[in-house]
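Visitor: My questions will all concern the structure given below.
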Amino acid sequence: MTKKVSRFQKVIIYAVLIFFSILFLIPFIYMISIAFASDATANKAAYTIFPHEFEIGNFIRIFTESDVPVWLGNSLTLTIANTVFTLISSSMVAYGFARFRARGKSITFMILLSTMMIPTQVTLIPQFMIFKKFGWINTMLPLIIPNLFGSPFYIFMLRQFIMRLPISLDEAAQIDGMTYWGIYTRIILPLIKPALAAVAIFAIMGNWNWFFEPMIYLNQTEKYPLSIGVQILSAVGHAGQLPLWNLMMAAAMILVIPMVLLFFLGQKHMFEISINAGSDAIK
């Protein structure tokens, strides 16, 4: 029997939630205020929490006076390529684990899941040496090629979603002469669109904000994604002066706002796939 929450308790709960929501929004509002500040305000560091200036030209200047267009293009290239490759490879592997019958499949799947517990720092040096032998250092290849082999986390989520689908759909299709490839492309993929959307959102957010691996494998500034470019803007000034934080925050807004919009537009799919994966994890 559930205990009924009183009106006073609801008021306290909502008051606490509103307080912490405002607390977490203050840095974002402060970033917007700095992004629209003038150079004079930036030089004096006379910022306010709520914007009192609206220098729209700051956003034009970061595209004309810095490498932001190049960095933005690199981020879009990485995000689009890796998201597409991740969706294709992870869904194919997940379909195999969910539907194919093979000796040792469960053990192989457990080994796959165990790789998620290996820290990135453990495999960083061996991977770097391998990519160096291939001549891929200072190129996008070390950041894109691994996505052709799927991601254990996404494979797990998609497998759990596919296992919820009735096996009778596959059997009926096989009776009609459809191959495994046909079942995968014409039956499975259309039915797991919500799961694919959730995986795409996770992949887009991860690749758009990618920082560590691009910093390791890329050496030239013009090849950096926007996530590293914003950090460069925060460290580079003009004629020995401090960096213009208004321009840096304008670039940061370009980096942050797409992800905020993506989260709010896609949180339904993210919640759905999380619940489905968690509820079927013990099966």
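Each reported figure results from applying straightforward, stated rules to the coordinates on display, with no laboratory input. Just so it is clear, the structure is predicted and the values come from calculations on it, not from any experiment. Counting neighbours? That spans all protein chains shown, and the Cβs are built from the backbone with ideal geometry, glycine included.
Visitor: How large is the charge dipole for the range 62-279, taken about the Cα centre, if only the Cβ atoms of Lys, Arg (+1) and Asp, Glu (-1) carry charge, to the nearest 20 debye?
Guide: The calculation lands at about 680 debye.
Visitor: Under a point spin-label approximation (7 Å from Cα along Cα-to-Cβ), what is the Trp181-Ile125 distance to one decimal in nm?
Guide: 4.3 nm
Visitor: In nm, to one decimal, how far is the Gln267 label point from the Asn209 one, both placed 7 Å along Cα→Cβ?
Guide: Label at Gln267, label at Asn209, 1.4 nm between them.
Visitor: Here is a follow-up. Please state the relative contact order of the range 62-279 as a whole percent: Cα pairs under 8 Å, 6+ residues apart?
Guide: 34 percent
Visitor: Roughly speaking, what is the stretch gain from Ser168 to Phe63, that is 0.36 nm per residue apart minus the C-alpha to C-alpha distance, in nm to one decimal?
Guide: Extra length available between Ser168 and Phe63 comes to 32.3 nm.
Visitor: Per 10 Å bin from zero, what fraction in whole % of the C-alpha pairs of the range 1-55 is there, up to the bin with the longest pair?
Guide: Here the calculated profile for the range 1-55 is 22, 29, 19, 16, 10, 4, 0.
Visitor: Turning to a different aspect of this structure: Report the FRET efficiency, 1/(1 + (r/R0)^6), for Ser234 and Phe134, where r is their Cβ-Cβ distance and R0 is 35 Å, rounded to 0.05.
Guide: Details: r = 33 Å, r/R0 = 0.94.
For Ser234 and Phe134, the calculated efficiency is 0.60.
Visitor: Do the sum for the chain: with -39,500 (n - 2.57) for every DSSP H run of n ≥ 4, divided by all residues, what is the mean residue ellipticity at 222 nm, to the nearest 500 deg cm²/dmol? Don't jump to the answer; show the numbers that get you there.
Guide: Working: 14 runs with 196 residues, N = 283.
When only DSSP H runs of four or more count, the value is -22500 deg cm²/dmol.
Visitor: Above 17 angstrom, tally the Cα pairs of the range 138-193 and express them as a % of all pairs, no decimals.
Guide: The share of Cα pairs beyond 17 Å in the range 138-193 comes to 52 percent.
Visitor: With helices defined as uninterrupted DSSP H runs, which ones in the chain have an alpha carbon span along their own long axis of at least 30 Å and mean Kyte-Doolittle hydropathy of at least -1.0?
Guide: 7-35, 68-99, 245-279
Visitor: Can you sort Thr77, Thr86 by how many other beta carbons sit within 10 Å, fewest first?
Guide: Thr77, Thr86
Visitor: Determine which aspartates and glutamates satisfy two conditions relative to Lys223: a Cα distance under 14 Å, and not lying fewer than 8 residues away in the same chain.
Guide: Cα-Cα hits under 14 Å: Asp67, Glu213.
Visitor: Determine the distance separating the Cα centre of the range 64-117 from the Cα centre of the range 165-203; give it in Å without decimals.
Guide: Between the Cα centre of the range 64-117 and that of the range 165-203, the gap is 18 Å.
Visitor: Charges at C-beta only: +1 for Lys and Arg, -1 for Asp and Glu. How large is the resulting dipole of the range 125-254 about its Cα centre, in Debye rounded to 20? Mind showing how you got there, number by number?
Guide: On the way: 7 positive and 5 negative charges, 33 e Å.
Value, rounded to 20: 160 debye.
Visitor: At 7 Å along the Cα-to-beta-carbon direction for both Leu76 and Leu23, put a label point, then send me their distance in nm to one decimal.
Guide: 3.9 nm
Visitor: What does the convex hull of the Cα atoms of the range 45-96 come to per residue, in Å³, rounded to a whole number?
Guide: Taking the convex hull of the Cα positions in the range 45-96, it is 143 Å³ per residue.
Visitor: With the radius of gyration and the Kirkwood radius both derived from the Cα set of the chain, what is their ratio Rg to Rh?
Guide: Ratio value, two decimals: 1.06.
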